[in-house]
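Written below as structure tokens is the structure these notes are about.
Bear in mind that the values in this text are calculations on the coordinates, not laboratory data. Owing to the predicted nature of the structure, the values given are computational and were not obtained by experimental measurement. FYI the Cβ positions are ideal-geometry reconstructions off the backbone, even for glycines, and counts take in every protein chain you see.
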Amino acid sequence: MAEITSYELLGLLHRVEKLSHRKRNNSCENFIGRGRILTTLCREDGLSQKILAERLDIRPQSLSETIVKLAEDKLVERIPSENDKRELLIYITEEGRIRAAEIRARREAFANDFFSSLSEEELTSLGNILLKLEENKRSIESCDTN
């Protein structure tokens, strides 16, 4: 393999990320946004819309519109908080859990296919490298905000 500069490597990483995102969207029937909400609620049920928006890094207005659609499809329920009746907590329904499991299975199948050309050793190395890059990026960002 030819020598590659860090700038070229960053471009390659960006292109692979865009490709994987586009392919994942296609393989999951454009259900990604809704799927992220459902899979998050499977892990942490009964979140307020504000907390859910923060967790998913989604604009509250966009989340609100999607929650309405999910509720219409009977995948989530909006229940007033016992502590503050003005606040609605979002709970996943049993049907929502089933849909989330289907989405997760499709995502896992996509991920297995996407990384199928790598050996176990290469996957481990790639994982370690990406974790290291993520840690470095976070430390740089925290320095920028201080």
Quiz prompt | Cα-based convex hull volume of the chain per residue, rounded to whole Å³ | solution = 161
Exercise. Determine the calculated [θ] at 222 nm for the chain from helices alone, applying -39500 (n - 2.57) to every DSSP H run no shorter than 4 residues and normalising by the residue count; nearest 500 deg cm²/dmol.
Key: -23500 deg cm²/dmol
Self-check item: For the chain, built as a Gaussian network whose Cα springs stay under 10 Å, the top-fluctuating residue of S125, S48, S116
Solution: S125
Exercise. Tell me the label-point distance for the pair S116, L13, using the 7 Å Cα-to-Cβ offset, in nm and rounded to one decimal.
Key: 2.7
Quiz item: Which of the peptides 127-137, 96-106, 71-81 is most tightly packed, and how do the rest follow, judged by the mean count of other Cβ atoms within 10 Å per residue?
Solution: 96-106, 71-81, 127-137
